[in-house]
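Enquirer: Right, I'll just put the structure down here and ask away after.
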Amino acid sequence: MVRHRSVIALSIVFGIAAVSAGGAAAVAADNTAAPADLVLLHGKIHTEDANRSVAQALAVRGNSIVAVGTDEAVGALVGPRTRSVDLQGRVVLPGIIDAHTHPAQSAQDLGKCSLDDKALTAPQVKSRVETCLREHPGDRAQWFEAIMVNPSRLTLSLADLDSILADRPMLLGGSDGHTVWANSPVLKLARITADTKDPAGGHIERDAAGKPTGTLRDNAADLAFAVKPVASLDEEAAQLSKALDSMRTVGITSVQDADVDDDVMQMYKRLYDAHRLNMRVRGSFHLVNLQESAAVLIGKAAEFRAKWAVDPDFLRADAVKIFADGVIEYPSQTAALLEPYLDGAGHATQNRGPEYFKQDNLNRIVTAADAAGLTVHIHAIGDRAVRSSLDAFADARRHNGTTDNRGQIAHLELIDPADFPRFKELGVIANFQLLWAQRDDYIDGATVKYLGPKRSRYLYPARSLRDAGARIAGGSDWGVSSFDAFIAMEHGITRAAKRGRPPLLPEQGLTLQDMVDAYTINAAYALKQERTTGSLESGKRGDFIILDRDIFSLDPFDLHSTQVLATYLDGREVYAKAK
């Protein structure tokens, strides 16, 4: 925690770059105005402005920044009631913006049995879940859930599931966010039988006789969730509040919730109405059935946007979410590929992944959303899904001309090189989750051998996209992975899990400045709020964080240890690390 004391109007040199002329003008203009409510002095303020200027000091009045500049200039705004913070040379960044996350849904998993995303065999899964059942048996009439089950190379039969728990509904949630295992009691309640058809955008796995195995992929999981008892809105909002509290401890001040519906937005609204939100939230309305007409889907999205236009600064839902495919890892293999998956021996199969839409209808949906002024946010893992998404954006461009709706594709695990330049050409934001850009069981055991070496050269190709002129935004996809942006920054640079581990395609590593941009000004642009957040400039909101170390002088392998000492939102301290 930084120490607070009276300000000494003294310029201290830290090797800080000169403040831009615009910044100096802003200070001069405000010197004749009322004193600031808060000033930060003697620091390294990384402004993220157009010149990436670094200043010594910053002043806030109300909810907005009124000056960024030298200690001497900003110190002139100190009045008798001004709160002054001596940064003692510490680094200040704009608040972290998570451009792809699921706080409301993931918050509901807090406190559940977790298998910690460890690579486990079926017997090991059974043992871990049985331990949870012994330690926290709960009410025998209630459903039991375990989360963060690593689906990589894992096959669970219905007999496996029922051997864990047969007389009580049980769901196991995959850590990929796209796999759910349901035991027989759940299948019975959900009326999932051999005659049940796959829902749009989902797949029910079946045995040789056509009977469901209990494994539900993508939207098929909704069949089970639909019959699961739900908590009260107050309980759900309380869980969400806990999650947002944790997010602020790592400096997050804005989120783009990448999959919302009325239930999710009600949770945020409950916190907003109680003045407990303390997070800027932009929702992406999930277009569930891509086989519906564009007019129907975008009509629903427009109504949803109007209904949830609560506060342009703090709560809105003016984006739509589309799932173009699922996940790439074996045995799921629901990502859409241009060429077939390989089998375990390296031979081509007939499987290129599912088709969750027809291209002409996707084109119409994206074009209609773009015409309606909605941001289109597409989940695409495989190279065919990425290409289909880009084709849809290209069709929207042909029909609507150039708009400013900030279309984006998230995840981008595999991209064909021919599509690298299309991101810049079409103005599509590359919304990466680069914490995943590392060698692990997902990559080594469940991906590379099923793609082959040629295609595997383009896994999470962040540097190639950056060099092709794409704008890169950063997101976590929590609860699939950690929402700590500093861990993601480390992996995005080093492409390795930790020091001493072999990297994944190190030539695709980004710079620290690239990664900071991704989680600040570029993410603000993706959320259509760069006029108010994402950089520390006069007139913008007072969203910023104070760090315990200078990340710009660190070995990148130490970035994960970065601690946030304080988080400010709208000029208010909403988190302070205990001393």
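Enquirer: Which one of these does Leu161 not meet: (1) crowded, with 20+ Cβ neighbours inside 10 Å; (2) within 30 Å of Val574 (Cβ to Cβ); (3) over 29 Å from the mean Cα position of the chain (by Cα)?
Expert: (2)
Enquirer: Considering region 164-196 alone, what residues qualify as being crowded, with 24+ Cβ neighbours inside 10 Å and more than 24 Å from Ser127 (Cβ to Cβ)?
Expert: Across region 164-196, the qualifying residue is only His178.
Enquirer: I would also like to ask the following. Take Thr532 and decide whether it is assigned to a loop (DSSP other than H, G, I, E, B), β-branched (Val, Ile, Thr) and over 17 Å from Ile472 (Cβ atoms).
Expert: Yes; evaluated as a whole, the condition is true for this residue.
Enquirer: If a residue has to be outside any strand (DSSP E or B), farther than 14 Å from Gly75 by Cβ, touching a strand residue (DSSP E or B) at 6+ places or on another chain (Cβ under 9 Å) and of a type outside the set (Ser, Thr, Tyr) to count, how many in region 40-63 make the cut?
Expert: Residues flagged as outside any strand (DSSP E or B), farther than 14 Å from Gly75 by Cβ, touching a strand residue (DSSP E or B) at 6+ places or on another chain (Cβ under 9 Å) and of a type outside the set (Ser, Thr, Tyr) within region 40-63 amount to 4.
Enquirer: Between residues in region 518-536 that are free of Cβ contacts under 8 Å to residues at least 24 places away in the same chain and residues that are open to solvent by less than 10 Å² (accessible area, probe 1.4 Å), which pairs lie under 7 Å by C-beta distance while being six or more apart or on different chains?
Expert: Close Cβ pairs satisfying both conditions: Glu530/Ala524.
Enquirer: If you don't mind, another one. Give the residues of region 550-571 that are in contact (Cβ under 8 Å) with a residue 60 or more places away in the chain and either touching a Pro at 6+ places or on another chain (Cβ under 6 Å) or not in a helix (DSSP H, G or I) (or both), sorted by residue number.
Expert: Residues satisfying the conditions are Asp550, Thr562, Val564, Leu565, Ala566, Thr567, Tyr568, Leu569, Asp570, Gly571.
Enquirer: Now for a different question. Any idea which of Tyr460, Tyr442 is hydroxyl-bearing (Ser, Thr, Tyr), farther than 19 Å from Leu559 by Cα and in contact with a Ser or Thr (Cβ under 8 Å, 6 or more places away or on another chain)?
Expert: Tyr442
Enquirer: May I pose another question? Working only within region 418-445, note down all residues that are over 21 Å from Thr403 (Cβ atoms) and assigned to a helix (DSSP H, G or I).
Expert: Passing the criteria: Ala418, Phe420, Leu434, Leu435, Trp436, Asp441, Tyr442, Ile443, Asp444, Gly445.
Enquirer: For Gly542, work out the one condition from (1) closer than 23 Å to Ile429 by Cβ; (2) touching a residue at least 24 places away in the same chain (Cβ under 8 Å); (3) not polar (S, T, N, Q) it doesn't fulfil.
Expert: The failed condition is (1).
Enquirer: Return the residues of region 294-345 that are free of Cβ contacts under 8 Å to residues at least 40 places away in the same chain and assigned to a loop (DSSP other than H, G, I, E, B); say none if nothing qualifies.
Expert: Ala309, Pro312, Pro340, Ala345
Enquirer: Here is a follow-up. Say whether the condition of being hydrophobic (A, V, I, L, M, F, W, C), free of Cβ contacts under 8 Å to residues at least 24 places away in the same chain, open to solvent by 10 Å² or more (accessible area, probe 1.4 Å) and over 21 Å from Ala380 (Cβ atoms) is met by at least one residue in region 207-219.
Expert: Yes: region 207-219 contains one or more residues that are hydrophobic (A, V, I, L, M, F, W, C), free of Cβ contacts under 8 Å to residues at least 24 places away in the same chain, open to solvent by 10 Å² or more (accessible area, probe 1.4 Å) and over 21 Å from Ala380 (Cβ atoms).
Enquirer: Take the residues in region 346-370 that are of a type in the set (A, V, I, L, M) and in contact (Cβ under 8 Å) with a residue 40 or more places away in the chain, then tell me which one is most open to solvent (accessible area, probe 1.4 Å).
Expert: Ala368
Enquirer: Continuing with this model, one more query. Answer yes if at least one residue in region 482-489 is over 15 Å from the mean Cα position of the chain (by Cα), assigned to a loop (DSSP other than H, G, I, E, B) and charged (D, E, K, R), and no otherwise.
Expert: no
Enquirer: Follow-up. Being open to solvent by less than 30 Å² (accessible area, probe 1.4 Å) and over 19 Å from Phe357 (Cα atoms) is the filter here; which residues of region 294-310 pass it?
Expert: If the condition is that a residue be open to solvent by less than 30 Å² (accessible area, probe 1.4 Å) and over 19 Å from Phe357 (Cα atoms), then Phe304, Trp308 are the ones that fit.
Enquirer: Name the residues in region 118-171 that are over 28 Å from Ile443 (Cβ atoms) and of a type in the set (Ser, Thr, Tyr), would you?
Expert: Answer for region 118-171, where residues must be over 28 Å from Ile443 (Cβ atoms) and of a type in the set (Ser, Thr, Tyr): Thr131, Ser163.
Enquirer: Cβ contacts < 6 Å: first residue free of Cβ contacts under 8 Å to residues at least 24 places away in the same chain, restricted to region 428-451; second residue in a helix (DSSP H, G or I), any location; separation 6+ or different chain. Result?
Expert: Here the result reads Val448/Ser456, each pair linking region 428-451 to a residue that is in a helix (DSSP H, G or I).
Enquirer: Is it the case, given these coordinates, that Leu465 is open to solvent by less than 50 Å² (accessible area, probe 1.4 Å), part of a loop (DSSP other than H, G, I, E, B) and of a type outside the set (S, T, N, Q)?
Expert: no
Enquirer: State all residues of region 244-293 that are open to solvent by 10 Å² or more (accessible area, probe 1.4 Å), closer than 18 Å to Ala319 by Cβ and in contact with a Ser or Thr (Cβ under 8 Å, 6 or more places away or on another chain); if no residue qualifies, say none.
Expert: Once the filter is applied, which keeps residues that are open to solvent by 10 Å² or more (accessible area, probe 1.4 Å), closer than 18 Å to Ala319 by Cβ and in contact with a Ser or Thr (Cβ under 8 Å, 6 or more places away or on another chain), region 244-293 yields only Asp259.
Enquirer: When you scan region 380-404, how many residues do you find that are in a loop (DSSP other than H, G, I, E, B) and either open to solvent by less than 20 Å² (accessible area, probe 1.4 Å) or charged (D, E, K, R) (or both)?
Expert: Residues flagged as in a loop (DSSP other than H, G, I, E, B) and either open to solvent by less than 20 Å² (accessible area, probe 1.4 Å) or charged (D, E, K, R) (or both) within region 380-404 amount to 3.
Enquirer: Would you check if there is a residue in region 314-337 being open to solvent by 40 Å² or more (accessible area, probe 1.4 Å), over 18 Å from Val428 (Cβ atoms) and either among the charged types (D, E, K, R) or in contact with a strand residue (DSSP E or B) (Cβ under 8 Å, 6 or more places away or on another chain) (or both)?
Expert: no
Enquirer: Could you grab me the full set of residues in region 238-281 that are in a helix (DSSP H, G or I), under 17 Å from the mean Cα position of the chain (by Cα) and among the polar types (S, T, N, Q)?
Expert: Scanning region 238-281 gives Ser246, Thr249.
The values are calculated or read from the model by the stated rules, or taken from the named source; none is laboratory data. Keep in mind that what you see is a predicted model, and the values were worked out from it rather than measured. Counting neighbours? That spans all protein chains shown, and the Cβs are built from the backbone with ideal geometry, glycine included. Quick note on the areas: whole protein, heavy atoms, side chains included, nothing else; ligands and nucleic acids left out. Shrake-Rupley method; radii C 1.70, N 1.55, O 1.52, S 1.80 Å.
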